[in-house]
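Trainee: What follows is a structure written as structure tokens; I'll ask about it next.
Coordinate-derived values only; no laboratory data. Keep in mind it's a predicted model, so treat the numbers as computed, not measured. Cβ: placed from backbone, ideal geometry, glycine included. Neighbour counts: every protein chain shown.
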Amino acid sequence: MAKILYVEDHPAQRDIMAQMLELGGFEVDVASDGVEGVEKATTWLPDIILMDLRMPRMDGFEAIEKIRADEKTTNTPIIAISAWASGKHKKRALDAGANEHFTKPVDLNRLMTTINSYLQEDKS
């Protein structure tokens with residue numbers, strides 16, 4: 001079973017997305033900010049990370065950079081998920097090392113398709 005780490009500071013959004021991912025057949029762990037997200041990413045070693053960008057203590061941009069800097073997680077696909085829809089924020093997330101950028105509210109079908117495409121790449 002593929003492992004997904006969802007880093008999101010908003011409890012209701014975090015819980016709903018975690019439930020949806022679990023219903024989709026994934027093993028899910030969550031983190032409530034970038035500090036916790038980096039820690040779980042480098043210890044739990046998920047197959048994919050979903051990362052909010054605006055969070056307390058450490059934002060998603062910095063968390064993505066730290067995850068990319070660790071050799072254990074440097075190649076883990078990261079999908080940034082944010083209410084920030086501007087091209088500036090999308091570019092900043094991709095420049096930090098995210099593979100994709102989704103704007104909230106997330107199109108769940110598109111997200112699942114994207115997750116599965118990264119998981120298929122891992123197997124090939």
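Trainee: At 1.002 mPa s and 20 °C, plugging the Kirkwood radius over alpha-carbon pairs of the chain into Stokes-Einstein gives what diffusion coefficient in µm²/s?
Mentor: Working: Rh = 14.0 Å.
Diffusion coefficient, whole number: 153 µm²/s.
Trainee: Another question, if that's okay. What pairs in K66/K91; K40/K66; K3/K88; K3/K72 have C-alpha atoms more than 19 Å from each other? Intermediate values should be presented prior to the final figure.
Mentor: Numbers: K66/K91 17 Å; K40/K66 12 Å; K3/K88 30 Å; K3/K72 15 Å.
Flagged as over cut-off: K3/K88.
Trainee: 5 Å is the cut-off here: which amide hydrogens, built 1.01 Å from N in the peptide plane, fall below it relative to V7, excluding neighbours closer than 5 in sequence?
Mentor: Sorted by chain and number, the residues that satisfy this are A31, L50, M51, D52.
Trainee: Ranking T43, T103, T76 by Cβ neighbours within 10 Å, fewest first, what do you get? Display every interim value, and only then the final one.
Mentor: Values: T43 9, T103 15, T76 21.
Placing the least packed residue first, the sequence is T43, T103, T76.
Trainee: If you keep only loop residues by DSSP, which GluC sites (Glu not before Pro) in the range 38-90 have at most 13 other Cβ atoms within 10 Å of their Cβ?
Mentor: Those satisfying the criteria are E71.
Trainee: Let me ask something else. Can you work out ³J(HN,Hα) from phi for every residue in the range 67-73, in order, using Karplus 6.51 cos²θ - 1.76 cosθ + 1.60 and θ = phi - 60°, giving whole Hz and x for Gly and Pro?
Mentor: With the stated coefficients, the range 67-73 comes to 5, 5, 6, 8, 4, 6, 10 Hz.
Trainee: Just want the answer: with Cβ charges of +1 for Lys and Arg and -1 for Asp and Glu, which residue in A85, V38, P56 is farthest toward the dipole's positive end in the range 3-117?
Mentor: Of the options given, the answer is A85.
Trainee: On to the next question. Among the trypsin sites (Lys or Arg not before Pro) in the range 1-110, which ones are in a DSSP loop with at most 16 other Cβ atoms within 10 Å of the Cβ? Mind listing them? Can you show the working numbers first?
Mentor: Working: sites: K3, R14, K40, R54, R57, K66, R68, K72, K88, K90, K91, R92, R110; in loops: R54, R57, K72.
Those that pass, being in a loop and sparsely packed, are R54, R57, K72.
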